Amino acid sequence: MCYSNCTSIPFIAVISHEEKLEYYSYRPRSDASFLIHRLPFVLVEVESNDDHRDEVRMLIQAACVVRLANEWTEAPANGNLNPDPDHNFVAMAIYVEKPKGGLEGRQIQVRRYLIYQPKKEEMDVSPAN
């Protein structure tokens with residue numbers, strides 16, 4: 001297990017824009033993460049703006065990690081994350097929301113999500129919090 005602080009997650013996502021037929025690369029990152037076999041199983045994000053874009057990005061990244069990890073469990077190569085294809089990878093995403101009006105005398109709200117893929121053969125990924 002490895003802890004990573006404000007660094008990129010060690011893979012690059014390639015995003016396609018079907019209408020423009022263009023591809024974009026994106027290196028996911030989080031404020032903090034815990035890695036197993038170079039994949040984050042815990043992602044932590046601290047609110048940096050009021051529109052919750054950080055939270056949405058964190059959940060999308062967690063969903064991508066879960067799908068990638070589950071795909072790797074199906075590969076017959078050595079070093080699989082989980083050699084048992086009957087068990088699914090679960091990622092935890094933690095979002096820390098700053099209190100409005102400063103920290104003095106206020107409680108910080110934290111939301112925890114467990115992200116999993118109920119059926120590996122389907123594309124759906126579900127949050128449970």
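The values are calculated or read from the model by the stated rules, or taken from the named source; none is laboratory data. Values in this document were obtained by computation on a predicted structure and should not be read as measured data. A quick note on method: Cβ atoms are made from the backbone with ideal geometry, for glycine too, and the neighbour counts reach across all protein chains shown.
The number of residues in region 16-47 being among the hydrophobic types (A, V, I, L, M, F, W, C), touching a strand residue (DSSP E or B) at 6+ places or on another chain (Cβ under 7 Å) and without any contact (Cβ under 8 Å) to a residue 40 or more places away in the chain comes to 3. Within region 9-28, the residues that satisfy the criterion of being under 17 Å from L68 (Cβ atoms) and outside any strand (DSSP E or B) are I9, P10, F11, I12, R27, P28.
Do we find a residue being modelled with pLDDT of 80 or more and loosely packed, with under 10 Cβ neighbours inside 10 Å anywhere in region 58-69? Within region 58-69, not a single residue is modelled with pLDDT of 80 or more and loosely packed, with under 10 Cβ neighbours inside 10 Å. Hey, does region 79-86 have a residue that's at pLDDT 85 or above and of a type in the set (G, A, S)? No, because not a single residue in region 79-86 is at pLDDT 85 or above and of a type in the set (G, A, S). Within region 51-65, residues that are over 10 Å from Y95 (Cα atoms) sit with their Cβ atoms under 6 Å from residues that are β-branched (V, I, T) and not in a helix (DSSP H, G or I), at 6+ positions apart or across chains, in these pairs: A62/I115; A63/I115; A63/V125. Scan region 95-106 and tell me whether some residue there is within 17 Å of the chain's Cα centre (by Cα), surrounded by fewer than 16 Cβ atoms within 10 Å (Cβ to Cβ), farther than 15 Å from F41 by Cα and at pLDDT 90 or above. No, there is no match, as no residue in region 95-106 is within 17 Å of the chain's Cα centre (by Cα), surrounded by fewer than 16 Cβ atoms within 10 Å (Cβ to Cβ), farther than 15 Å from F41 by Cα and at pLDDT 90 or above.
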